[in-house]
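Remarks on the structure that follows.
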């Protein structure tokens, strides 16, 4: 892995709609990077390689399909995969303004609007969805002009309505609020984001949106799938993962600056969320300290 996180300059020009890379190669050699475009990445025959999306680290199966949003760190690297085997990769990149907000506000496009929103955290699609999308990706790669663009729109809709989507990056790792569908949740999200290093009380949070504690707890659970405590901890872990990647702060410093009251509690919650300790997480991201 290279010594930094790269800002990739994509070949897209101002009047381009999207681009497609369809390539076969032995292993991965591009560093973790980010760019303002959306990206869809399909990979076959790289089982055992490692995927990085935001603060997420995962291992590939025999095939996978991932979509990432603007400026979200992502990359794939050789790990336990056999670099002597030739992998197949199809990558699609398109700018944020390819579909205008007024266009996406139409009722029929609600699933695609939500797809773009979720892509800010990175989406791993199910094996079933990946297999179904493979032929459409192949057609997009082979067609030309407007026919290819029509196939892209069809693919996006298929992905948007697919089941078993897995959001990859922590919700605090993304650069914009993930709660456009609830003004009250967005208020709470901003409150936690602005005060995550403090002791946060359920009663105080409920008071911000003028709700009884029971109703507030129910709202948090419905909208996030988490209790208020887990919601706060996930945001704190999001800041912790960023600092583990981007700073030279000690793990102890990061622990207390993120609002955890002791190292053992921090390690336990971090490992539950990331499936590794903070030290292991930093080691996995070794060398990726700076954003340019």
Out of 31, 11, sole residue that is surrounded by 14 or more Cβ atoms within 10 Å (Cβ to Cβ), outside the structural domain of residue 245 (by TED's automatic domain parsing) and either at pLDDT below 95 or over 18 Å from the mean Cα position of the chain (by Cα) (or both)
31
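Let's see how each residue does on (1) modelled with pLDDT of 90 or more; (2) buried (at least 16 other Cβ atoms within 10 Å of the Cβ); (3) in the same structural domain as residue 71 (by TED's automatic domain parsing):
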position	(1), (2), (3)
112	yes, yes, yes
119	yes, yes, yes
122	yes, yes, yes
125	yes, yes, yes
128	yes, no, yes
138	yes, no, yes
159	yes, yes, yes
198	yes, no, no
Just to be sure I understand, how many residues within the range 191-229 are in contact with a helix residue (DSSP H, G or I) (Cβ under 7 Å, 6 or more places away or on another chain), closer than 15 Å to residue 171 by Cβ and not in a helix (DSSP H, G or I)?
3
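How many residues, within the range 240-257, are modelled with pLDDT under 85 and closer than 25 Å to residue 188 by Cα?
Of the residues in the range 240-257, 2 are modelled with pLDDT under 85 and closer than 25 Å to residue 188 by Cα.
Filter the range 161-190 down to the residues that are in a loop (DSSP other than H, G, I, E, B), at pLDDT 80 or above and more than 16 Å from residue 67 (Cβ to Cβ) and list them by number. Don't jump to the end; show me each part of the working.
We begin by selecting, within the range 161-190, every residue in a loop (DSSP other than H, G, I, E, B); these are 161-165, 168-182.
Then keep just the ones that are at pLDDT 80 or above; that gives 161-165, 168-170.
Across the range 161-190, the qualifying residue is only 170.
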Whether any residue in the range 34-43 is closer than 17 Å to residue 62 by Cβ, out of contact with any helix residue (DSSP H, G or I) (no Cβ under 6 Å at 6 or more places or on another chain), at pLDDT 90 or above and not in a loop (DSSP other than H, G, I, E, B) is what I want to check.
yes
List the pairs whose first member sits in the range 180-195 and is surrounded by 13 or more Cβ atoms within 10 Å (Cβ to Cβ), whose second member is at pLDDT below 90, and whose Cβ atoms are under 6 Å apart, counting only residues at least 6 apart or on separate chains?
182/223; 185/179; 185/223; 186/177; 186/179; 189/177; 189/179; 192/235
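The values are calculated or read from the model by the stated rules, or taken from the named source; none is laboratory data. Keep in mind that this is a model prediction, so the values were computed, not measured. Here the Cβ is made from the backbone with ideal geometry for all residues, glycine too, and neighbour counts use every protein chain on show.
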